[in-house]
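Have a look at the structure below before the remarks.
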């Protein structure tokens with residue numbers, strides 16, 4: 001018959017580790033949002049604090065996954081959020097995207113996370129336009145367009161990744177629309193027109 005005591009203990013450990021992976025992934029996702037929001041506001045000091053905490057949580061997550069790889073699916077969202085936040089920070093602060101190797105994730109997780117920065121770059125472009133800064137917004141549009149073309153060149157077959165690529169394209173179009181309104185449709189500021 002079954003060794004109930006031994007299996008009971010093993011099952012509890014299995015469940016405990018799975019819960020820990022899920023909770024750590026949630027923590028990474030929460031911290032990634034802090035990095036993103038601080039970065040968009042150009043509050044790099046706050047972004048760096050959140051980044052350090054996020055990287056600690058990611059390191060813990062990776063250690064857990066080394067021993068328990070069957071829980072990788074429970075960690076992918078957090079890891080994708082980590083890629084997104086780190087990529088946005090690096091792009092806006094250093095003008096570059098981190099490599100997959102720098103982040104220590106698989107190619108699928110990397111591309112899913114990288115694709116997500118398109119929306120954050122779009123929000124950043126909107127912030128620039130609200131400050132009447134058209135050129136930075138134009139550069140962000142060009143970056144999203146380049147990202148879209150690069151992702152298309154990879155010819156992804158996976159449906160979810162393909163949807164992300166389409167999302168990047170839609171974000172490029174969204175920024176173009178915002179730029180159009182900001183440069184063509186905005187009324188010149190000055191005294192109101194007299195009838």
Given that compact globular proteins tend to follow 2.2 N^0.38 Å, what is the ratio of the alpha-carbon Rg of the stretch 76-175 to that value?
1.03
Nearest 10 degrees, 0 to 90: helix 72-94 Cα axis against the chain principal axis
40 degrees
The stretch 75-103 versus the stretch 151-170: alpha-carbon centroid distance in Å:
18 Å
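As a footprinting exposure proxy, order 135, 48 by other Cβ within 10 Å, with the fewest listed first. Let's see the in-between values first.
On the way: 135 8, 48 15.
Sorted ascending by nearby Cβ count, the order is 135, 48.
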Label selected from (i) 0.96; (ii) 1.20; (iii) 1.13, the criterion being Rg/Rh (Cα atoms, Kirkwood Rh) as computed here:
(iii)
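Pairs of alpha-carbon atoms within less than 8 angstrom and 6+ residues apart define the contacts here; what relative contact order does the stretch 1-74 have, in percent? Walk me through the numbers before you get to the answer.
Numbers: 45 pairs, mean separation 27.2, N = 74.
The normalised contact order for the stretch 1-74 reaches 37 percent.
Got the relative contact order for the stretch 106-187 handy, in percent, Cα pairs under 8 Å and 6 or more residues apart? Don't jump to the answer; show the numbers that get you there.
Values: 70 pairs, mean separation 33.2, N = 82.
Worked out over the stretch 106-187, it gives 41 percent.
Run lengths n ≥ 4 of DSSP H only: what is the helix-derived mean residue ellipticity at 222 nm for the chain, with -39500 (n - 2.57) per run over all residues, to the nearest 500? Mind showing how you got there, number by number?
Values: 7 runs with 154 residues, N = 195.
One gets -27500 deg cm²/dmol as the mean residue ellipticity at 222 nm.
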Calculate, for residue 185 and residue 107, the FRET efficiency according to 1/(1 + (r/R0)^6) with r their C-beta to C-beta distance and R0 41 Å; round to the nearest 0.05.
0.50
Computed over the Cα atoms, what is the radius of gyration of the stretch 1-74 divided by 2.2 N^0.38 Å, N being its residue count?
1.49
In degrees, nearest 10, range 0 to 90: what is the angle between the Cα axis of helix 44-67 and the longest Cα principal axis of the chain?
30 degrees
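Relative contact order of the stretch 48-124: what whole-number percent is it, with Cα pairs under 8 angstrom and at least 6 residues apart? It would help to have the intermediate numbers written out before the result.
Details: 46 pairs, mean separation 22.9, N = 77.
Once normalised by length, the contact order is 30 percent.
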Angle in degrees between helix 107-130 and the longest Cα principal axis of the chain, rounded to the nearest 10
30 degrees
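FYI, it's all coordinate maths here, none of it is from the lab. Computed from a prediction, not measured in an experiment: that's the story for all the values here. Here Cβ is always computed from backbone atoms with ideal geometry, including for glycine, and neighbour counts include all displayed protein chains.
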